[in-house]
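Below is one structure, written out as structure tokens, with a few remarks after it.
The values are calculated or read from the model by the stated rules, or taken from the named source; none is laboratory data. Computed from a predicted structure; not experimentally measured. For neighbour counting, all protein chains shown are included, and Cβ atoms are generated from backbone atoms with ideal geometry for every residue, glycine included.
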Amino acid sequence: MAENVWSRIFKTGLSNIILAGIILLMLAFTVGVGTAQPDHSASVNTKDDDNITPYDGPIGPDNALYGLKIAFEDFDESFTFNASEKLQKKIAHANLRLAEAEGQLKKRNAQAAERALERFNEKNTEADDLISSSSDINSGLLHAEEMIKKHQQILYNLTQLHPDNPGLARAYSNSLELEQKFNRRVSEREARGEHNEENVAIKAEIFDNNTEVKVSVNFKSVNVTNFSIANEILDKFQLSAENINTLLTVENMDDGELNTELGADAKIEDGFSIINAEYKFPLLNTTSKDGIVDGIYMNLHALTIENVTNTLEIENMTKVSENKKDEKAAIKQAAHEIKDEKQKEKEQKQEEKTAIKQERRENNGRDR
């Protein structure tokens, strides 16, 4: 009896120790990730910059917690059910792996760099698989294509600096292959009409110590119902911090008014819709780019489907077209009826003339 009691105490104590260890590990990871987040301007490339900022945070591929960091990222991706958003996360994580590899190469730690490059290859393969298996990725394809090409250029530059590194050569080769696959997928989608052109713009205007932001999206969609259109608009607004930083343009203003406005409209015609949406909002006491990016991200991700649905205005151009067709058909039918009526009148007059002539011939015959 006493042995069983001590056994239960031991098992309970061991369970508590394991649980405490897991909690401490999670806390350490959370703190590490928090301190490891670089500022947006430093981690995101511009179109004219083929370099990335090497990762120098506490949880790199040479850290014991690196596997847990990867696991948390994979967990986040697995619970991202929107295919477009999941694709953006996979591309962003591939970007981070490349930054980690460059950071380790600077430290002359080839083994840790190889570990990051292996994860980079895996993430790119996952992105390719997602694009090939998901037919509902209608946004973010152009950005993903741009990032893939940028990764390729970065890898090429690194291979010139480290020509004897097999991991870099393998990653560069895989990147070339991925670009070819990606281009083929995009071409196939364009041929099937699945790749929808879209335009996303983010403009920030600074005056005094405040900033007013305008985020606008314009795109063509196969969705034609109110809820599906509103849901796609919301998806377009769910931009990552990286996308926001890339799209953001900042200007100064002399004066202005701070307002919050959300508007969206859709014109439906022939089985598709043309959609325009704009979200304008103020950021008080915010003028730095990092602060603007963070403020935009928080405001966009605070939007709900109800917000969009309540402002969405839909004009069904298909019904208008059908009404016009009906009107044209009615006019055409009336014209035919008038023509038939005139033809009948003409035939009737001809019959009357024929009858009169016949009667005259008969009368002349009697007179003789």
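Conditions (1) modelled with pLDDT under 90; (2) touching a helix residue (DSSP H, G or I) at 6+ places or on another chain (Cβ under 8 Å), marked per residue:
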{"residue": "Asn121", "(1), (2)": "no, yes"}
{"residue": "Asp129", "(1), (2)": "yes, no"}
{"residue": "Ser132", "(1), (2)": "yes, yes"}
{"residue": "Ile148", "(1), (2)": "yes, yes"}
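Counting only residues that are under 15 Å from Met298 (Cβ atoms) and at pLDDT below 85, how many does the range 200-257 have?
0
Could you tell me which of the residues Thr246, Thr211 is part of a helix (DSSP H, G or I) and crowded, with 18+ Cβ neighbours inside 10 Å? Reasoning before the result, please.
Working: Thr211 fails: part of a helix (DSSP H, G or I).
That would be Thr246, the only listed residue that is part of a helix (DSSP H, G or I) and crowded, with 18+ Cβ neighbours inside 10 Å.
Identify the single condition in (1) surrounded by 17 or more Cβ atoms within 10 Å (Cβ to Cβ); (2) under 19 Å from the mean Cα position of the chain (by Cα); (3) hydrophobic (A, V, I, L, M, F, W, C) that Ile305 does not satisfy, given that it satisfies every other one.
Result: Ile305 fails condition (1) only.
Scan (1) modelled with pLDDT of 90 or more; (2) in a loop (DSSP other than H, G, I, E, B); (3) in contact with a Pro (Cβ under 9 Å, 6 or more places away or on another chain) for the single condition Gly60 breaks and write down its number.
(3)
Please specify each residue of the range 177-199 satisfying the condition of being at pLDDT below 80, assigned to a helix (DSSP H, G or I) and surrounded by fewer than 15 Cβ atoms within 10 Å (Cβ to Cβ).
Residues satisfying the conditions are Gln180, Asn183, Arg184, Ser187, Glu188, Glu190, Ala191, Arg192.
What are the residues in the range 292-314 that are assigned to a helix (DSSP H, G or I), within 16 Å of Val215 (Cβ to Cβ) and out of contact with any strand residue (DSSP E or B) (no Cβ under 7 Å at 6 or more places or on another chain), if any?
Those that are assigned to a helix (DSSP H, G or I), within 16 Å of Val215 (Cβ to Cβ) and out of contact with any strand residue (DSSP E or B) (no Cβ under 7 Å at 6 or more places or on another chain): Asp294, Tyr297, Met298, His301.
Is it the case that Asn226 is closer than 17 Å to Glu306 by Cβ and surrounded by 15 or more Cβ atoms within 10 Å (Cβ to Cβ)?
No; evaluated as a whole, the condition is false for this residue.
Mind listing whichever residues of the range 267-297 are in contact with a Ser or Thr (Cβ under 7 Å, 6 or more places away or on another chain) and without any contact (Cβ under 8 Å) to a residue 60 or more places away in the chain?
Answer for the range 267-297, where residues must be in contact with a Ser or Thr (Cβ under 7 Å, 6 or more places away or on another chain) and without any contact (Cβ under 8 Å) to a residue 60 or more places away in the chain: Lys267, Ile268, Glu269, Asp270, Phe272, Ser273, Ile275.
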